[in-house]
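Encoded as structure tokens, the structure appears first; notes follow it.
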Amino acid sequence: MNIFRLHYRLERKTIGFLLAIVGVASIGGAVEIAPLFTIHQTVEDAPDMRVYTPLEIAGRNIYLREGCYACHSQMIRTLRDEVERYGPYSLAVESKYDHPMLWGSKRTGPDLARMGNKYSDEWHVAHMTDPRAVVPASVMPPYAYLGRATARIDDLGLHLKALRTVGVPYTDEMIANATADAYGQAAPDTPFAEGVTKRYGEATNVRSFDGKVGDPTELDALIAYLQILGKLTDAAHRPVAAAGE
Amino acid sequence: MIAQLTKSERQLALVILLAITICGLAMGIAGRDDPLGVHGAIVILAGLAGIFGVIYAYYEPEPSEARLALYYDDPSKVGIILAMGWVLIGLFIGDWVAWQLVFPNLTFDAGWSSFGRIRPAHTSAVIFGFGGNALIATSFYVLQRTSRARLPDQLSPWFVLLGYNLFCIIAATGYLMGVTQSKEYAEPEWYADIWLVVVWVAYFIIYLRTLVRRKEPHIYVSNWYYMAFILVVAILHIVNNLAVPVSWGHAKSYSAFSGVQDAMTQWWYGHNAVAFFLTSGFLGMMYYYMPIRAGRPIFSYRLSIISFWGITFMYMWAGSHHLHYTALPQWVQTLGMTFSIMLLVPSWASAGNALLTLNGAWHKVRDDATLRFMMVAAVFYGLSTFEGSFMAIRSVNSLSHYTDWTVGHVHAGALGWVAMITFGSIYASVPWLWKRERMYSDRLVEWHFWLALSGTLVYVFAMWNSGIIQGLMWRTYTESGTLAYSFVDSVAAMRPYYIARAIGGLMFLSGAVIGCVNIWMTIRAAHQPADERLADRPVPRPAGVPAFQPGE
Amino acid sequence: MAVEERDPFTGYLTTGHEWNGIKELNTPVPRAVFFFLIVTALYALVYWILMPAWPLGVTYTKGLLGIDQRKVVAESIKEAALERSVWTKRIETESFKDIQADPRLMNVVRQTGGALFGDNCAACHGPKAEGGKGFPTLVSSSWLWGGDPEAIAETIRVGINSPHKDTRVSQMMAFGRDSILKKDEIDNVADYVRSLSDPAVAKTVTAAKLEAGKAVFTANCVACHGDNAAGNPELGAPNLTDKFWLYGGDAQSVFTTVWGGRQGHMPTWDARLSPLDRKILALYLVDRRHATP
Ligand code: HEM
Ligand code: HEM
Ligand SMILES: [Ca+2]
Ligand SMILES: [Ca+2]
Ligand SMILES: [Cu+2]
């Protein structure tokens, strides 16, 4: 057969063979990934979408650091049971500012895409400190040490700047005030609190998340993040029917 | 090790090691209040240890020209030992992870030991530590023999092998400190990623230089697969890891992509890490060790061609089957699903080619546990690819996704295919490499085989059960048409299966421990030059001729 | 060059090459391989024509069936709701009393309430609704805001100290921290309060102390907890004479409560759960309470 002849010759040429591999292997990814940047319907429009506050970014980084994504997805699929259990299915736009996305691939614990405001801060404190104290059947590890550690917020300006480089629309003002805003978001009775709502919107949660006064702890940051999940935009709650609208 | 380097290679080694040490120093200073600083210290230590080693042996006599008449196998030997070291670490952590789902407080109230941090340590230790070292070690071995050419020099293989292990160590220690990009199977941070690119380029160059100098007109199938492994992993790695570091002094970086594009890029990478790391490379291994051990010709050269190009082409389309029903546009899901189904044909073609190669040697399979490892690996390869294509069907995936079924599928592939083919190949090559007549104990190989097989079956069956039960519980409706179980009900229902899985893992781990003892005893046994395999030599290169030569 | 030989076992020719002892047979590709390649490719082709499949620059092929996963799930949810409407309509419209009187409807409530409670409420109120420290039991006779189903449904809707505009508001003042009472006064009133539900306490502290505590209570606490400390469902102030404790009834816990105050947070479920779901939960809880000894 011809192709075998052809191959018989090809497999004698080192460089030719290498190029053939690269060529053949490049097609799939190119066809599937490139159009995601060019087809407009891929990411829905959501004019009300806001960016994460610096404290939420710090919390998100703790979520990454602890590997919560190993057990929790943040992607409600378009399936009846998921929508009925967790709420409206996730839209692409909801993770538009997620570098990287945290859709996850395993649900040892429940989906967290709509966790924001579902439970109280007190509950999160109790749960993160000792999950089995509130949910006896839980297999989640205890994270008591998060409540003891002060969050690192002095470098958040750099984080916001790096995020702006990859496309998140942080303003100069947000970057300049990142550390103060992180402090203020968990310290409602200080002058720093005001700037947070000014820059990130009235609906931003400004309170002591772990119930303790003083510098924000890692638990403060993490809970601030958990309480915003699914709340950056209302787009998913509006009756968007299909992609392609 | 050093004694085998020529004087100029020793000098080059010093330069490289010095550069590494300086990089470590820069990392340590720039990242002094960041985990990056710890990694800087590790790099400095690695660099200094190397420098010390080279200087210590610097004035030993240079290797004689006679070396050129032999294959250069020492990196393969060390690579195999490293692989066995990593498999112990990886399996131990894996079993610990498994027990944590039974006893969640098995973290000792520490951060480094919590589930989310040691889970990637497990996956990286087994895939990159064990799998990667085994691939590097065997690829050097196979490359030389099927090309009848010696590796181009003595230094670059060491650079690749040891540099790669430095990457693995940085990755694993990073997870324990919480340094991760949280992209599955690509967790290491930007500086580790960059280092891996450097190592990988060196690896590729070795391959290229040796192939170019080969004394066989045709490139053997194993090398097609090893080359695809090297090249495609490079492409995947570079694209998926594009990121912007917070600063030169931060370990942390932010991925260049976000949201849906990031998801697609990640699973294009993730799925093809499976394809080109866990499949292609190990197929290369299988295509060499299986026919040799069985003493049979490959069943069909033409089938090899069909399956190689089928796998290389189709796998790259299949990544979106990890994102069924998500916010990824449905058209991409369609492509992922259809290509996954077509992919079954070349996959089974390889599995079939392997099993049919055994025709005429089944009595050996019965008697020889080493060959049986390879045979069972081919069976599990067929099984897990069938399962994979099945799970890639959208409606099936709606049940299996997010559940332990995926984990069961993974380990059918990882334990049944990847680990088994590797153990088989290692058992085959250890006596050849160390010039022993046979393994220290065939009975221990038997023990390892049966422990590995039963451990795998216990693991996989437990996860099939738990995964399907979990998936069904999530979507079971009452007569009234409402959800029947809460999520936590499903968590509680998993417990017996998690216990079974942890026990299965323990069996698999025990087998690997036995394997290590056996290999160690073989290496320690007296040298038996009896079977020197006279043909096991490269075609001699006339003195004075430059290393680069056209293929023909 | 290559010299082919015949493999004695299979009878096929080799390709004539040998690598380190490995040979390859030139066996033709089994027909099944081509057959299945064609079958799977045809399957793919048909699927591509029917479903969204191929990107075209700034758009993609939509497929002849016009299927889109978001429409499909919206449909299936609508359909399921329609199927359920045989009983949901009745629960939505009928009064709590009527529903409770209908064993068939209550059966549905029991079936449905379990998972609904498990996925939304059990995290705080416990898998059996028995409560825990800081989270009230929902299966006792003691209710902060009233135990009839209407009151419960309202609590679920607006939450307690929640961001909802109609939220129930409750606040136990921080008598110690805000320097309203001195430490020994709090000590006394704590003992007094504990003695109300636990006669054993009276035996361990002096009568004088209880008297002093009672005085403090009358001056500071009756406004909320009522003259006889039986609580006030208007304010969510708990009954202090029963054996149910929200924050613990030992001396230390009660002291902490009075010293630092309390303000429990119960989320609002107005936006998250439908009126139907909330009604089912209220009925489910009342039913659980009756079923709990
Ligand atoms: C002693 C044997 C092993 C045990 C007990 C074990 C245990 C585990 C556990 C408990 C998990 C986490 C699953 C979860 O999140 O629920 C896991 C994940 C994983 N393991 Fe293993 N493992 C073993 C061997 C291996 C080997 C040999 C490999 C690869 C060669 C491997 C590759 C993986 C991969 C890729 C994952 C991630 C799966 C996913 O994300 O879906 N494991 N393993
Ligand atoms: C025809 C070949 C294969 C196909 C079509 C395939 C397909 C799939 C599918 C559909 C999933 C589940 C994705 C999800 O729902 O999240 C999956 C997961 C996985 N498969 Fe395969 N599979 C194949 C072969 C293999 C082999 C040989 C291995 C070897 C170890 C393997 C390793 C994995 C791993 C590690 C995952 C887990 C990825 C994650 O972290 O979520 N697969 N595969
Ligand atoms: Ca995974
Ligand atoms: Ca990486
Ligand atoms: Cu895949």
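The values are calculated or read from the model by the stated rules, or taken from the named source; none is laboratory data. The shown structure was predicted, so the numbers you read here are calculated from the model rather than taken from an experiment. Ideal geometry is used to build each Cβ from the backbone, glycine not excepted, and the neighbour counts take in all protein chains shown. Remember, those area values only see protein heavy atoms, side chains included, never the ligands or the DNA or RNA. Shrake-Rupley method; radii C 1.70, N 1.55, O 1.52, S 1.80 Å.
Between the residues B:A121, C:I67, B:V232, the greatest Cα displacement towards the positive end of the dipole of the protein assembly as shown, with unit charges on the Cβ of Lys, Arg, Asp and Glu, is found for B:V232. Seen from A:S208, the other residues with C-beta closer than 13 Å to its C-beta sum to a net charge of -4, counting Lys and Arg as +1 and Asp and Glu as -1. Sequence-distant contacts, meaning Cα pairs under 8 Å at least 6 residues apart, place the relative contact order of chain C at 19 percent. Each residue was assigned an accessible area with a 1.4 Å probe, and for A:K212 the value is about 110 Å². With a 10 Å cut-off around each Cβ of A:154-166, the average count of Cβ atoms from other chains is 4. Since only B:T422, B:I523, B:N397 are under comparison, the one whose Cα sits farthest along the positive direction of the charge dipole of the stretch B:300-542, derived from C-beta charges on Lys, Arg, Asp and Glu, is B:I523.
Can you check what the net charge comes to around B:A492, using other residues whose Cβ is under 15 Å from the Cβ of B:A492 (Lys, Arg +1; Asp, Glu -1)? All intermediate terms of the calculation are to be shown ahead of the outcome.
On the way: positive: A:R107, A:R132, B:R495, C:K128; negative: B:D404, B:D489, C:D119.
Around B:A492, the surrounding residues sum to +1.
Shielding by partners for peptide C:265-273, expressed as the average number of C-beta atoms from other protein chains within 10 Å of each residue's C-beta, is 3.
Membrane-span-like helices in chain A, defined here as complete DSSP H runs extending at least 27 Å along the helix axis by their C-alpha atoms with mean Kyte-Doolittle hydropathy no lower than 1.0, are A:14-33; this is a sequence and geometry rule, not a statement about a membrane. When B:C516, B:C23 are compared by accessible area at a 1.4 angstrom probe, the order from most to least is B:C23, B:C516. Near C:E24, the amide H atoms lying under 5 Å from its own belong to B:I298, C:T15, C:G16, C:H17; only residues 5 or more places off or on other chains count, and H is placed 1.01 Å from N.
What is the sum of charges around A:W103, taking Lys and Arg as +1, Asp and Glu as -1, for the other residues whose C-beta is under 15 Å from the C-beta of A:W103? Don't jump to the answer; show the numbers that get you there.
Numbers: positive: A:R60, A:R77, A:K96, A:K106, A:R107, A:R114, B:K183; negative: A:E82, A:E94, A:D98, A:D111, B:E184, B:D262.
Computed value for this residue: +1.
In the assembled protein chains, B:L176 presents an accessible area of approximately 60 Å² (probe radius 1.4 Å).
Qualifying GluC sites (Glu not before Pro) in the stretch B:376-456, where qualification requires a DSSP coil assignment and no more than 15 other C-beta atoms within 10 Å, comprise B:E437. Treat each spin label as a single point 7 Å out from the Cα along the C-beta direction, and report the A:E173 to B:L106 distance in nm. About 5.3 nm separates the two model spin labels. How far apart, in nanometres, would the label points at B:S8 and A:Y8 be if each is projected 7 angstrom from Cα along the Cα-to-Cβ direction? So the two model labels end up 4.2 nm from each other.
Pairs from the list C:K209/C:K243; A:K161/A:K198; B:K7/B:K435; B:K364/B:K435 with a Cα-Cα gap above 26 Å: B:K7/B:K435. Placing a pseudo-label 7 Å from each Cα along the Cα-to-Cβ vector at B:V198 and C:I67 gives an inter-label distance of 5.1 nm. Here the relative contact order of chain B, from alpha carbon pairs under 8 Å that lie six or more residues apart, stands at 15 percent.
Hey, can you list the DSSP H helices of chain B whose Cα span along the axis is 18 Å or longer and whose average Kyte-Doolittle score is at least 1.0? Spell out each step's value before the answer.
Working: long enough: B:7-30 (34 Å, 1.46); B:35-56 (32 Å, 1.91); B:74-100 (39 Å, 1.08); B:133-147 (21 Å, 0.46); B:155-177 (32 Å, 1.52); B:190-212 (33 Å, 1.61); B:221-240 (28 Å, 1.59); B:259-275 (23 Å, -0.36); B:281-294 (20 Å, 0.56); B:301-314 (20 Å, 1.10); B:330-357 (41 Å, 0.88); B:369-391 (32 Å, 1.10); B:420-433 (19 Å, 1.21); B:442-475 (49 Å, 0.56); B:495-524 (44 Å, 0.93).
The qualifying helices are B:7-30, B:35-56, B:74-100, B:155-177, B:190-212, B:221-240, B:301-314, B:369-391, B:420-433.
Computed with every protein chain present, the accessible area of A:R238 is close to 110 Å² [probe 1.4 Å].
Only Cα pairs under 8 Å and 6+ residues apart enter the sum, and on that basis the relative contact order of the stretch C:204-293 stands at 10 percent. The accessible-area ordering, largest first, of the residues B:D153, A:D154, A:D181 stands as A:D154, B:D153, A:D181, per a 1.4 angstrom probe. Accessible surface comparison of B:S350, B:S156, probe 1.4 Å, protein chains only, largest first: the order is B:S156, B:S350. Segment B:S454..B:D536, full-extension length gain: 25.9 nm, with 0.36 nm per residue of separation and the alpha-carbon distance subtracted. Rounded to two decimals, the Cα-based Rg/Rh of chain C, with Kirkwood Rh, is 1.37.
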